[in-house]
1. Write out, first by first residue and then by second, each pair whose Cβ atoms fall under 9 Å of each other, whose residues are 6+ apart or on separate chains, and whose first residue, in segment A:205-220, is part of a helix (DSSP H, G or I) while the second is among the aromatic types (Phe, Trp, Tyr).
2. From the residues in segment A:767-814 that are more than 12 Å from RNA strand B (Cβ to nearest atom) and of a type in the set (Lys, Arg), which one is nearest to A:Asp753 (Cα to Cα)?
3. Could you please tell me which pairs satisfy a Cβ distance under 6 Å, a separation of 6+ or placement on different chains, a first residue in segment A:320-337 that is touching a residue at least 40 places away in the same chain (Cβ under 8 Å), and a second residue that is among the charged types (D, E, K, R) and near RNA strand B (Cβ under 7 Å from one of its atoms)?
4. Considering only residues that are of a type outside the set (S, T, N, Q), more than 9 Å from RNA strand B (Cβ to nearest atom) and over 16 Å from A:Ile257 (Cα atoms), which ones fall in segment A:216-235?
5. For segment A:726-752, give me each residue that is part of a helix (DSSP H, G or I) and of a type outside the set (Val, Ile, Thr).
6. What residue, of A:Ile802, A:Ile812, A:Ile723, is outside any loop (DSSP other than H, G, I, E, B), surrounded by fewer than 20 Cβ atoms within 10 Å (Cβ to Cβ) and modelled with pLDDT of 80 or more?
7. Can you name every residue in segment A:307-364 that is of a type in the set (Phe, Trp, Tyr) and either within 7 Å of RNA strand B (Cβ to nearest atom) or touching a helix residue (DSSP H, G or I) at 6+ places or on another chain (Cβ under 8 Å) (or both)?
8. Just for segment A:507-552: of the residues that are touching a Pro at 6+ places or on another chain (Cβ under 6 Å) and open to solvent by 20 Å² or more (accessible area, probe 1.4 Å), which one is farthest from RNA strand B (Cβ to nearest atom)?
Amino acid sequence: MQYDFKEVEKKWKNRWYDENIYATNDDAKGEKKYVLVEFPYPSGSGLHVGHAFSFTAGDVYSRYMRMRGYNVLFPMGWDAFGLPTENYAIKTKRKPQEVTKENTEMFKQQMKDLGFSFDWDREVNTTDPDYYKWTQWIFIKLFEKGLAYKDEMPINWCPSCKIGLANEEVVDGNCERCGTPTEKRNISQWIVKITDYADRLIEGLKDTAFIDKVKAAQINWIDRKEWIDITYPIDGSSESVTVATTRPDTNFGATFIVLAPEHRLVDLLLKGDIITDQNIDSIREYVKKARNKSELDRQKEVIGREKTGVFTGMYAVNHLTGRKMPIWITDFVLSSVGTGAVVGVPGHDVRDFEFAQQFELPIVRVVVGKDGDMSEITKKEQVQEEEGTMINSGFLDGLDIKEATRKVMDYIEDKGWGKRSIRYHLRDWIFSRQHYWGEPIPMIHCDSCGWNPVPESDLPIKLPELDHYEPTDTGESPLAKVEEWVKTVCPKCGGVARRETDTMPNWAGSDWYFIRYLDNGNNSEIASMDKMKAWLPVDVYIGGDEHNTLHLLYSRFIYQFLYDLGHVPTSEPYYQRISHGVILGPDNRRMSKSKGNVIVPEDVTVKVGVDATRAYLMFIGPFDGTMAWNDNALMGVKRFVDRLYRMFITKYPEAGQDSEDVSRILHKTIKFATDGLASFQNNTVVAKWMELLNFLEKQDASNISKGTFEAFTKMISPIMPYIAEDLWNFMGYEFSVHQQSWPEYDEKWLQSDVVEIPVQINGKLKGKVEVSTDATEEDVKITVFANDQLKASLDGANIRKIIYVKGKIANIIV
RNA sequence: GGUCGAGUGGUGGAACUGGCAGACACGUGGGACUCAAAAUCCCAUGCUAGCAAUAGCGUGAGGGUUCAAUUCCCUCCUCGACCACCA
């Protein structure tokens, strides 16, 4: 009898949801387990195989944990604001609200088809006004605590489309839509001060069990360093220049200073407030060209690119050496890093070296590496960050670089030439987007009172439904055109005022969604404290590496902020973070429509069934690996499902008593699955089930008990929910296998009285002997000599030593 | 350039805490069933030599520690992911 997956899937799918067997009760007994998978952006192209992969893993883990007696929360929702929907709506002249509704319904159906055991009663949608009311509320709290401010910041600007672009819309410095190189434009934007939490975000990692690479990614992204800002007088002027450096130990090797084109001194120079004997026009021309380059352009092909620059005619005096250092302007210095001015140490920095060579500036060596090599400096060997010894550096000579850094910092501060400061690579968070399809920023501007938040009682500030969503040619949000929406009254003085027309970035709604699952209908709080105390923190958070720095960091920041205000119960939102891998196309390249190598989950399930698809996804490789899709291997898993079904149908009716061999392999497999499913090693768990099936297929039905069939069915149910349910029903048990408890293994079947151990002679495998589990070395020796083959190998040899590792191996040294 | 990770058969990948390398699957070869094909089932399958028993070699390269190394240490090579003129 052939396994008809279509019939079986149809039979059980609706019953699971009709009877709502996956709903989570807050008060159910059992320890809580909050399992979270990153909620998707519901695009028009439907569920991607990557979604299917990571959601299946979360589903398997949740189902397994439920069977283990945990009260599991496994929710799902929609991160539905965003540009693709907006662009699609513009193109098709439809409402984003409508498109979103369609897409989420499609996603939901596809998820149900794949058998995911989400508790749909807790569904959230970031575009739902009842949801974004609280996203807006969080913003107001940030503003009230001084963590949101308005400032002019450069944005990416497409001169052809005449719109502002998000960073995500700029691909290799070009506009994603039309391919035109982007420019920068200064626009007043809301900024959120995430840097105030930089240290907390590093500290808090100690209270989590994130995998090491995630912790490392966050720490490196924040990148806390001690700098020193040194102020140099400018020769023959009352002006001075302040540089920022983390390596003042190399200051004796400083031979020039370079300024970012946006630097304050450059402006003074161009205005004529500083007089120079250099050609001011050539300076003006260089600065203009450099400033017009986009940020992305300036960061492209960084190392080895020809350095450009222009001399200002000014000199700064190095306190330590008295050397007059020429001040240059160059585009490789970024105004947003440090003070926008760098002291050039060409002996020990690759970029400074390239610059010095380009413009024939002196190169002085002040550090030797551990090999003591003093040959001519090349790019390769000139950076010593870990260890090195100072030379040509006066009072620092002979010191290690770390020690020298400390000493010279103290010295410079004592002399009043400079001051230490802590700086981060992490920047404040640009929170404004000049687009329609996002949460309106709930702020009101009044000419006399400035910026004030919308009163909480007025939340949510709903997105007005428009006929046109096109971004405007002024770089303003399309909302700016909706006069009747923009015009409002000042919450402070009651006078005429205008709403903020920018919307929030995508991250805003996804920062805190896991909180809303706990209490998605709550109208007076983000969620009730009781419910949060019952469920938080999230126990396991499954997501992609691309979110390790942005989403995960923003989310932790917002949560820590809410904790400080007493709105959430724990200091960290997520306990464990697991990275899922990537599934490549059959051609071993990343899936993309243009390459035509996209695998659509729906096509696969139609061909082989949901269970085979899920089992294949779990079998394809290690959970965090990069794996290529393989249709042949998929068919292998389908064969496994078919064989499993056939074995049950033919053998179960004749079931008898377990033979010892059957008991042994069954309990070993249960133990393996018990450990494997708990640690996301699903690929090896599926392999063990295959072994078990291969073994049972060869057994007479009378040697297999009904209990074994039952345990096998329960065991596979997390990965293969449909066939498990059907076999459960076939065996005459009551609905549903998914409400059964996990099978127990019996220790006694894991050990045996006798064990076959390999025998090595001088470390080389020569044979095997069977000994009792608690055999002594002497017993083993006797057994070995009773074995003809081994006896022959040892013939005439002088035994020097026998190493016997109990139950593992014997090694005879001759 | 930085950070993290990975190199194992023809392929994807197993191997607990140093203890039989290659589980499981794919692919390939052979066979059964069939008029034939598909499907299914059975056998073989790391490489080299040999009819065979067997022997030698084998986890990116080289060295080391150990009775024993895919696993630990040192040097080097290659690949991947993320980040990047961050001073």
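The values are calculated or read from the model by the stated rules, or taken from the named source; none is laboratory data. Everything quoted here is computed from the prediction, not taken from an experiment. Neighbour counts are summed over all protein chains in view; Cβ atoms, including those assigned to glycine, are modelled from backbone coordinates with ideal geometry. Only protein heavy atoms, including side chains, enter the accessible area calculation; ligands, DNA and RNA are left aside. Shrake-Rupley method; radii C 1.70, N 1.55, O 1.52, S 1.80 Å.
1. Pairs that qualify, where the first residue is part of a helix (DSSP H, G or I) and the partner is among the aromatic types (Phe, Trp, Tyr), are A:Asp207/A:Tyr575; A:Gln218/A:Phe210.
2. A:Lys781
3. A:Asp331/A:Arg298; A:Phe332/A:Arg351
4. The answer is A:Ile222, A:Arg224, A:Glu226.
5. Of segment A:726-752, the ones part of a helix (DSSP H, G or I) are A:726-730, A:737-739, A:747-749.
If the condition is that a residue be part of a helix (DSSP H, G or I) and of a type outside the set (Val, Ile, Thr), then A:Asp726, A:Leu727, A:Trp728, A:Asn729, A:Phe730, A:His738, A:Gln739, A:Glu747, A:Lys748, A:Trp749 are the ones that fit.
6. On the way: A:Ile812 fails: surrounded by fewer than 20 Cβ atoms within 10 Å (Cβ to Cβ); A:Ile723 fails: surrounded by fewer than 20 Cβ atoms within 10 Å (Cβ to Cβ).
Only one candidate passes the filter, namely A:Ile802.
7. Matches in segment A:307-364: A:Trp328, A:Phe332.
8. Restricting to residues being touching a Pro at 6+ places or on another chain (Cβ under 6 Å) and open to solvent by 20 Å² or more (accessible area, probe 1.4 Å), the top hit is A:Lys533.
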